[in-house]
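Novice: Dropping a structure here in structure tokens format, bear with me for questions.
The values are calculated or read from the model by the stated rules, or taken from the named source; none is laboratory data. All figures in this text were calculated on a predicted structure; none of them were measured in a lab. Ideal geometry is used to build each Cβ from the backbone, glycine not excepted, and the neighbour counts take in all protein chains shown. Each accessible area value is taken on the protein alone, full model and side chains, heavy atoms only, with ligands, DNA and RNA left out. Shrake-Rupley method; radii C 1.70, N 1.55, O 1.52, S 1.80 Å.
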Amino acid sequence: MGNFFLDNEDIQFQLGNLDLLKIAKQQEDRSRNGNADYVPDSPADAVDNYYKVLEIVGDIAANTLEPNAEAVDAEGHTLNDDGTVTLHPLVEENLKRCRQANLMGFTLPREFGGLNNPTTIYSVANELISRGDCSFMNIFGLQGNAETINAFASEEIRQKYVCDFAIGGATGAMALTEPDAGSDLQAVRLRAWQDENGQWYLNGVKRFITNGCGEILVTLARSEPDVADGRGLSVFVSRRCEQIRVRHLEEKLGIHGSPTCELVFNDAPAELIGERQRGLITYVMALMNGARLGIASQSVGVAEAAYRLARTYAASRCQFGVAIEQMPAVAEMVVDMQIAVESARALMYQTAFICDQENNNLRILEGGQCVDKAEEKERKSTARALKRVAGMLTPMGKYFCSEMANRVTYDCIQVLGGSGFIKDYPAERYYRDARITTIYEGTSQLQVLAAIRSVSSGIFASYVEQYESKTFDAALLDDLKTKLIGLREKTVEAATFAKSQASGYLDLSGRRIVDAAIHVIIGHYLLEQGAVNERKKRVARRFIEKGLPTALAGLEIVLSADASAIQEYELLAGPVPTVE
């Protein structure tokens, strides 16, 4: 009997380096527990529960999800004539195990029967689930829908829906994308209208909806027909009914266990979440931030699975009389796969930790729980600071982790050679499943656009100041820190230069600048880890020194002011191909 939580030393190490007691103290107040039968005795008791829950998740991921993943990938789900979907029996088994363990209300308050776990612990759970079956995380990981209802809906709606997730184990979907509104959600056209009694109804089509066959849908719709942009959008919740049909199940490259649906709403009854016209600006943005962190977790999970397969194969596969891991080219590939996963995990966990602090601080502030004006003032200042940092780290985390997963799963196939290209091993499935992570919940290009604003506005430089002021007993770490300071200075110089150029140049340069900024941030995280762990010193050295020349070279390209990709686009890209 394996356990994906207990067998991962790096997860144990990185969790141990986070101040979970601080998060638990904020998380476990009466506003999140209500009249629940069980409440932890102390923050330490809550943290102990976090570890117990993750052990349960690790067991389910290893002994249920992973054994079922191959058959689910091969066989998929069934679209019925009545517009419903029958999930694969093994996916139903996966869901049953999660419901039995009370995991479907992972982050929901105890007053609704949830576990009240923080985002940090939920992110670890999503990583473990994704290591077992990357596609199942898209069902398990959509609990953010329930959080959206809980955070923004009226008390009546909260009571009506949230318990269904936490106790009933309902699954949900966020129905945002449309045929003509993918990344540009301001273009959403699905119509919301009210009858004379004030009942809302939804009409239109949604496409690429992950788990669109779920029981509860959170839908972005145009409630103000005369307002063409995002200000005319509101968010609604509805239950699966005859007026919501699945018209098509997408046939995808990967994540076959995740049903991706085209939905038709035909006067489907719905209820308004929160206020009209705040759907995109407030509610969906909050939902998307959580979803992006979820994809970062998913990326780390599938990359961990790929690394372990490659590591095991390299140790057992012999060529020319030796294990292939003894060949320098293969050895370097395996080492860099492991360091890539660990560095991404460090960024993902730190991002989740910051998000927990932001969410809990804001909840205490908005809930009127401050003891006096001084605390209220301090929390308002903290809220502004945390929002800026979370707004930078969230797109960075989604971007870096998803790109990392694509590289690591690709290299896994390479380590396995011909065996990796065939279905005898799960390497090709890992690669197919990982490919979507750089696309959904905002492409890598959109994450860079979001992150570059934080770098060019000074948030990045202010954030890393706290790390640059630290000193280390080990000369190696101090030397590496000096190199990171130099890279930070060059990154800020390049960002300032890009801002001074013609319109569009900052966006053109964004990826190189953001790559360098992420390298600085993760480098500092690894230095802190190296201060308490000898192996992590070597990890920090390998990560920082190997990536430093590439980062600096990218910044030199930015400083060269080469804008030919946009200035000479038609010439360099050539004419649009025609079909005769």
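Novice: How far apart, in nanometres, would the label points at I557 and R99 be if each is projected 7 angstrom from Cα along the Cα-to-Cβ direction?
Specialist: Here the modelled spin labels are 5.0 nm apart.
Novice: Right, here's the next one. May I ask you to rank Y440, Y525 by accessible area, largest first, using a 1.4 Å probe over the protein chains only?
Specialist: If we order Y440, Y525 from most to least accessible, we get Y440, Y525.
Novice: Same structure again: Take the alpha-carbon centre of the range 210-251, take the same for the range 450-498, and report the distance between them in whole Å.
Specialist: Here the answer is 43 Å between Cα centres.
Novice: Right, here's the next one. Given H placed on each backbone N at 1.01 Å, which residues far from R317 in sequence or on other chains put an amide H within less than 5 Å of it?
Specialist: Amide H neighbours of R317: I324.
Novice: Moving on to the next point. For the range 502-580 and the range 110-157, what is the separation of their C-alpha centers, rounded to whole Å?
Specialist: 33 Å
Novice: Keeping all protein chains in position, work out how much accessible area H77 exposes to a 1.4 Å probe, and write it in Å² to the nearest 10.
Specialist: Solvent-accessible area, nearest 10 Å²: 30 Å².
Novice: How charged is the neighbourhood of T312? Take every other residue with its Cβ under 15 Å from the Cβ of T312, and add Lys/Arg as +1 and Asp/Glu as -1.
Specialist: Value of the local net charge: -2.
Novice: Right, something else. Hey, if we sort H88, H256 by accessible area with the 1.4 Å probe, largest down, what's the order?
Specialist: Accessible-area ranking of H88, H256, largest first: H256, H88.
Novice: What distance in nm lies between label points placed 7 Å from Cα along the C-beta direction at E224 and E242?
Specialist: Output for this residue pair reads 3.6 nm.
Novice: Cut-off under 26 Å on the C-alpha distance; same-chain residues fewer than 8 positions from K373 excluded. Which lysines are left, in chain and number order?
Specialist: K22, K25, K387
Novice: What does the convex hull of the Cα atoms come to per residue for the range 446-562, in Å³?
Specialist: Value for the range 446-562: 88 Å³ per residue.
Novice: Something else about it: When the chain is fully extended, how far beyond the present Cα-Cα distance does D479 get from E534, taking 0.36 nm per residue of separation?
Specialist: Taking D479 through E534 to full extension adds about 18.2 nm, to one decimal.
Novice: If Rh is defined by the Kirkwood formula over all Cα pairs and Rg also comes from Cα, what ratio Rg/Rh do you get for the range 172-279?
Specialist: 0.97
Novice: Which aspartates and glutamates does K423 reach when only Cα atoms under 13 Å apart count, and residues fewer than 8 places away in its own chain are ignored?
Specialist: Result set, ordered by chain and number: E70, D73.
Novice: Next up: Heavy atoms only, probe 1.4 angstrom, no DNA, RNA or ligands counted: give me S419, S297 ranked by accessible area, highest first.
Specialist: My answer, sorted largest first, is S419, S297.
Novice: May I ask for the net charge around L362, where only other residues with Cβ less than 9 Å from the Cβ of L362 are counted and Lys, Arg are +1 while Asp, Glu are -1?
Specialist: Spelling it out: positives minus negatives among the neighbours equals +1.
Novice: Sticking with this one: Quick check on packing: order 504-511, 182-189 by the mean number of other C-beta atoms within 10 Å, highest mean leading.
Specialist: The densest-packed peptide leads the list: 504-511, 182-189.
Novice: Which peptide among 468-478, 107-117 comes first, and what is the full order, when sorted by highest mean count of other Cβ atoms within 10 Å?
Specialist: Ranked by mean Cβ neighbours within 10 Å, highest first: 107-117, 468-478.
Novice: While we're here: Quick one: dipole size for the chain, taken about the Cα centre, charges +1 on Lys/Arg Cβ and -1 on Asp/Glu Cβ, in debye to the nearest 20.
Specialist: 900 debye
Novice: Additional query: Provide the net charge surrounding V334, with neighbours chosen by a C-beta distance below 10 Å and charges set as Lys +1, Arg +1, Asp -1, Glu -1.
Specialist: It works out to a net charge of -3.
Novice: Based on the Cβ-Cβ distance of Q277 and R317, what FRET efficiency does E = 1/(1 + (r/R0)^6) give at R0 = 60 Å, to the nearest 0.05?
Specialist: Result of the calculation: an efficiency of 0.50.
Novice: Per residue of the range 112-121, in order, report the coupling 6.51 cos²θ - 1.76 cosθ + 1.60 (Karplus, θ = phi - 60°) as ³J(HN,Hα) in whole Hz, putting x for Gly and Pro.
Specialist: With coefficients 6.51, -1.76 and 1.60, one gets 9, x, x, 8, 6, 7, x, 4, 4, 5 Hz.
Novice: Under a 1.4 Å probe, what is the accessible area of the chain per residue, stated in Å²?
Specialist: About 43 Å² of surface per residue is accessible.
Novice: Name the residue from Y307, C163, V341 whose Cα lies farthest towards the positive end of the charge dipole of the chain, charges +1 on Cβ of Lys and Arg and -1 on Cβ of Asp and Glu.
Specialist: In the chain, that residue is V341.
Novice: Let me ask you something else. Run the reach check for K490 against lysines, Cα to Cα strictly under 18 Å, same-chain hits fewer than 8 apart removed. What comes back?
Specialist: K490 reaches K481, K499, K546.
Novice: Still on this structure, please answer the following. What FRET efficiency comes out for the pair T86/D37, r = Cβ-Cβ distance, R0 = 30 Å, nearest 0.05?
Specialist: Calculated transfer efficiency: 0.25.
Novice: Of the options C370, L15, S258, report the single residue whose Cα projects farthest towards the positive end of the charge dipole of the chain (beta-carbon charges: Lys, Arg +1; Asp, Glu -1).
Specialist: With unit charges placed on the Cβ atoms, the residue in question is C370.
Novice: Given F140, I244, L287, which one lies farthest toward the positive end of the charge dipole of the chain, if we put +1 on the Cβ of every Lys and Arg and -1 on the Cβ of every Asp and Glu?
Specialist: Toward the positive end, the furthest listed residue is L287.
Novice: Given charges of +1 on the Cβ of Lys and Arg and -1 on the Cβ of Asp and Glu, with all other atoms neutral, how large is the dipole of the range 329-438 about its Cα centre, in debye to the nearest 20?
Specialist: With only Lys, Arg, Asp and Glu charged at Cβ, the dipole is about 420 debye.
Novice: Jot down the radius of gyration and Dmax of the chain, Cα atoms only, both in angstrom.
Specialist: Final numbers for Rg and Dmax: 23.9, 81 Å.
Novice: Applying 1/(1 + (r/R0)^6) with R0 = 30 Å to the Cβ-Cβ distance of E545 and A286, what FRET efficiency is obtained, to the nearest 0.05?
Specialist: 0.20
Novice: Taking θ = phi - 60°, what integer Hz values does the Karplus form 6.51 cos²θ - 1.76 cosθ + 1.60 yield along the range 192-208, in sequence order, with x for Gly and Pro?
Specialist: For the range 192-208, the Karplus-derived couplings read 10, 9, 10, 8, 5, 9, x, 6, 8, 9, 10, 9, x, 10, 10, 10, 6 Hz, x marking Gly and Pro.
Novice: Sticking with this structure for a sec: Rounded to the nearest 20 debye, what is the charge dipole size of the range 446-562 about its Cα centre when +1 sits on each Lys and Arg Cβ and -1 on each Asp and Glu Cβ?
Specialist: 340 debye
Novice: Let me ask something else. Apply the Karplus curve 6.51 cos²θ - 1.76 cosθ + 1.60, θ = phi - 60°, to the phi angles in the range 494-502 and return the couplings in whole Hz, x for Gly and Pro.
Specialist: Values per residue, Gly and Pro as x: 5, 5, 5, 5, 4, 5, 7, 7, 4 Hz.
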